[in-house]
1. What about N123, is it out of contact with any Pro (no Cβ under 9 Å at 6 or more places or on another chain) and either over 30 Å from Q318 (Cβ atoms) or crowded, with 18+ Cβ neighbours inside 10 Å (or both)?
2. Does I160 satisfy the criteria of being crowded, with 22+ Cβ neighbours inside 10 Å, within 11 Å of the ligand (Cβ to nearest atom) and under 25 Å from A121 (Cβ atoms)?
3. Looking at segment 226-281, what strands (runs of 3 or more DSSP E) fall wholly within it and have at least 1 residues that are under 20 Å from L153 (Cα atoms) and not aromatic (F, W, Y)?
4. Only one residue in V281, V182 is over 22 Å from the mean Cα position of the chain (by Cα) and closer than 21 Å to E101 by Cβ, so which one is that?
5. Of all residues in segment 89-147, count the ones that are at negative phi, touching a strand residue (DSSP E or B) at 6+ places or on another chain (Cβ under 8 Å) and not hydrophobic (A, V, I, L, M, F, W, C).
6. Considering only segment 282-319, state which residues are in a helix (DSSP H, G or I) and among the polar types (S, T, N, Q).
7. Kindly list, by first and then second residue, each pair from a residue in segment 145-162 that is of a type in the set (S, T, N, Q) to a residue that is more than 6 Å from the ligand (Cβ to nearest atom), limited to pairs with Cβ atoms under 6 Å and residues at least 6 apart or on different chains.
8. So how many residues does segment 163-176 have that are in contact with a strand residue (DSSP E or B) (Cβ under 9 Å, 6 or more places away or on another chain) and of a type outside the set (A, V, I, L, M, F, W, C)?
Amino acid sequence: MDRQQVLVIGPILPYVIAKLGERFDVVELHKEADRAGFLEREGKRFKAVACGLKGIDRETIAALPDLEIISSFGVGYDAVDVAAAAQAGVVVTNTPGVLDEEVANTALALMLMTVRELNRAENHLRAGRWAKDGPYPLTAGSLGGSVLGILGLGRIGKAIARRAEACGMKIHYHGRHEQAGVAYRYHASLTELARASDVLMAVVPGGAATHHMIDRQVLEALGPNGYLINIGRGTVVDETALIEALSKGAIRGAGLDVFENEPAVPESLVVLENTVLLPHVGSASVATRQAMGQLVVDNIVAWTDTRRAMTPVPETPQP
Ligand code: NDP
């Protein structure tokens, strides 16, 4: 029997290619010299797509008339045109759950580095200033007893909240809904959450609904003693407003794992000492990325064998 074909779109973890190859014939679109020509000639061959963090657009979905499933790597799928997939009757899956603890650990580290200025303290030592100039100055910020405001108390947000509680922080949150059975204090307005918070942690998805939710007004509400941590998506924060707020002391510091136009990070942000900047490494350990890759493969296998995907996104419910 002919093996089913899977189209891989965009660079993806080599583990995914290897695992898919055990069961399917795999074609990597980004390795084709003439992608549009390839899709026009061969698009009908593919019922399944695996895509990396760059996602898949409407035109490519339209060029795959027999497509049934898009298995996307990562829990955030803002780069996948889910509206086009839904219109075409294509199920989209993501990789939720398997990365929660890793991303929450990264978020906690980023928050500690930012509030306790650990990167600057380390630089002080490395530059020989401890012996020459004396100890690193006391930090104005401290986690114990302060309020962590979480924008997006979902799977990862809750894993961050558990860790922050262990650090002695009080948890408040904002989302579109107040959650039943959650003891943390809910704020119906993001600005009110920012006003109540010492540290504001963004862990919402990207996309149009959350675009620039954290703007000048929210940063001003966070205030001159406040810190912003963004582990969600860069588009959630108005980066220009953030740079201005950091430069003029409207907030005290920021820890960012995600940026508006990755991998480009504005020089005006890089030069600011009151920032900790990470190159989108929230889930980036071998074990966690492999677990995500396995779920990409398992979704395609489950769909092929049973026509039930394991982790479909809400916008494309299964038939
Ligand atoms: P969940 O779907 O479990 O949680 C998302 C939360 O965001 C929910 O609590 C939801 O609450 C809230 N939310 C969604 N839309 C809005 C909105 N328009 N306004 C206010 N709140 C909103 O997702 P995860 O916790 O699994 O992941 C969250 C995001 O983290 C991902 O989408 C991804 O973008 C990012 N991420 C970043 C990583 C990194 O490496 N830095 C790694 C992994 C994920 P409600 O429904 O009540 O609004």
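The values are calculated or read from the model by the stated rules, or taken from the named source; none is laboratory data. Given the structure is predicted, the values throughout are model-derived calculations rather than measurements. Positions of Cβ are backbone-derived with ideal geometry, glycine not excepted, and every protein chain shown enters the neighbour counts.
1. Values: out of contact with any Pro (no Cβ under 9 Å at 6 or more places or on another chain): yes; either over 30 Å from Q318 (Cβ atoms) or crowded, with 18+ Cβ neighbours inside 10 Å (or both): yes.
Criteria met by N123.
2. Details: crowded, with 22+ Cβ neighbours inside 10 Å: yes; within 11 Å of the ligand (Cβ to nearest atom): yes; under 25 Å from A121 (Cβ atoms): yes.
When the stated conditions are applied, I160 passes them.
3. Numbers: elements: 227-230, 253-256, 275-277.
By residue number, 227-230, 253-256.
4. Checking each option against the conditions leaves just V182.
5. Of the residues in segment 89-147, 7 are at negative phi, touching a strand residue (DSSP E or B) at 6+ places or on another chain (Cβ under 8 Å) and not hydrophobic (A, V, I, L, M, F, W, C).
6. We begin by selecting, within segment 282-319, every residue in a helix (DSSP H, G or I); these are 286-306.
Scanning segment 282-319 gives T288, Q290, Q294, N299, T304, T306.
7. Between residues of segment 145-162 that are of a type in the set (S, T, N, Q) and residues that are more than 6 Å from the ligand (Cβ to nearest atom), the close pairs are S146/M169; S146/D198.
8. Going residue by residue through segment 163-176, those that are in contact with a strand residue (DSSP E or B) (Cβ under 9 Å, 6 or more places away or on another chain) are 164-165, 167, 169-175.
Within this subset, residues satisfying the condition of being of a type outside the set (A, V, I, L, M, F, W, C) are 165, 170, 172-175.
Adding up the residues that qualify gives 6.
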